[in-house]
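A short write-up of the structure that comes next.
The values are calculated or read from the model by the stated rules, or taken from the named source; none is laboratory data. The shown structure was predicted, so the numbers you read here are calculated from the model rather than taken from an experiment. When we count neighbours, we look across all protein chains shown, and the Cβ atoms used for this are built from the backbone with ideal geometry, even at glycine. Heads up: the accessible areas ignore ligands, DNA and RNA and are worked out on the full protein's heavy atoms, side chains in. Shrake-Rupley method; radii C 1.70, N 1.55, O 1.52, S 1.80 Å.
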Amino acid sequence: MFDAIILAGGENGKRLNSQIPRCYEALIEIAGKPMVTFVAEALAECGQVNKIYVLGPVEELEKCSFPANTTILEGGSTIVETIRLGMAVLGHSEPVLVSTADIPLLTAEAVDDFLRQCSRVSADLYYPIVTKEVNECRYPGNKRTYVQLKEGTYTGGNIFLVNPDIVNHCMDVADKLIANRKNPLKLCHMLGWSFVVRYLLGTLNLRAVERRASELLGVSGAVIQSPYPELGIDVDKPSDLALVRAIFSRV
């Protein structure tokens, strides 16, 4: 069983704020409910998840309806600070599932598959990826940021499995990697200029990226290829919001 942290303190960016004047992305309503509640419900329905901690604006989050095993806590001013606060509250060294609050299509099946795949590999940090083919087959026309590697074309997910013991010494670098996950060239620049050249030539492979990221963070990392695009469809632009609302309108 894994405890889970949902990062719900992200401010509503310019691209969505013009349409949805809410201070926080997590509170944008979809099908009559704040977006973050869909994420919490998916985690609660997964048989491998124990306690859920939602970190963000407490006063606003307390107005939401969450599963019974959910605790609301005040988040920090940055992603790194919020993760550190959450880990400190948990107070244990067992792996913790960390999720953003803006992936309302998340399902218990997707979470369960991710955790089951993680259990087959020994690592400190696990990160999911989804192929372009899988994403476009399930959600045709959905615009995502992709990285072309030797094995195929991938987009990243928005959940992570983290060993709490690594947080203090590697989260600053991890924050930069996460911040640049939608900018392949910046990400390659962080990984090294040889990666830029190999990326542009189309010879960069998945395991090389995994090894270099592990070296940068000073931890053991594992990339998990997921068949569930719901892990990565985050609502951070109007087209994402339109897609998600259309999907829920058909349910």
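Only lysines eight or more places from K186 in sequence, or on another chain, were considered; those with a Cα closer than 29 Å are K14, K132, K143, K150, K176, K237. Measuring only protein heavy atoms, the 1.4 Å probe finds K150 accessible over about 140 Å². Subtracting the Cα-Cα distance of K186 and V121 from their residue separation scaled by 0.36 nm leaves 20.6 nm. Taken over region 19-102, the convex hull of the Cα atoms encloses 100 Å³ per residue. Length available on full extension from R138 to S239: 0.36 nm per residue minus the Cα-Cα distance, which gives 34.8 nm.
Can you pull the one-decimal nm distance between simple spin-label points at V173 and A108, each 7 Å off the Cα toward Cβ? Roughly 3.8 nm, to one decimal.
Near the amide H of A101, within less than 5 Å, lie the amide hydrogens of L7, all on another chain or at least 5 residues away, with H placed in the peptide plane. Computed from backbone phi with θ = phi - 60° and the Karplus coefficients 6.51, -1.76 and 1.60, the 3J(HN,Hα) list for region 100-117 is 6, 9, 10, 10, x, 7, 3, 10, 4, 5, 5, 5, 4, 5, 4, 5, 5, 5 Hz; x is used for glycine and proline. For E215, the shell of other residues with beta-carbons less than 15 Å away shows a net charge of +2, using +1 for Lys and Arg and -1 for Asp and Glu.
With 12 Å as the cut-off, how large is the P(r) tail for region 199-244, expressed as percent of Cα-Cα pairs? Taking all Cα-Cα pairs of region 199-244, the fraction more than 12 Å apart is 72 percent.
Remark: relative contact order (the chain) = 24 percent; criterion is Cα-Cα distance under 8 angstrom and separation of 6 or more residues.
Compactness check for the chain: Cα Rg over 2.2 N^0.38 Å is 0.97.
The slack in the chain from S249 to V58, taken as 0.36 nm per residue of separation less the alpha-carbon distance, amounts to 65.9 nm. Solvent-accessible surface of the chain, taken per residue with a 1.4 Å probe and all protein chains present: 47 Å². The accessible surface of the chain, taken with every protein chain in place and a 1.4 Å probe, is 52 percent carbon and sulfur.
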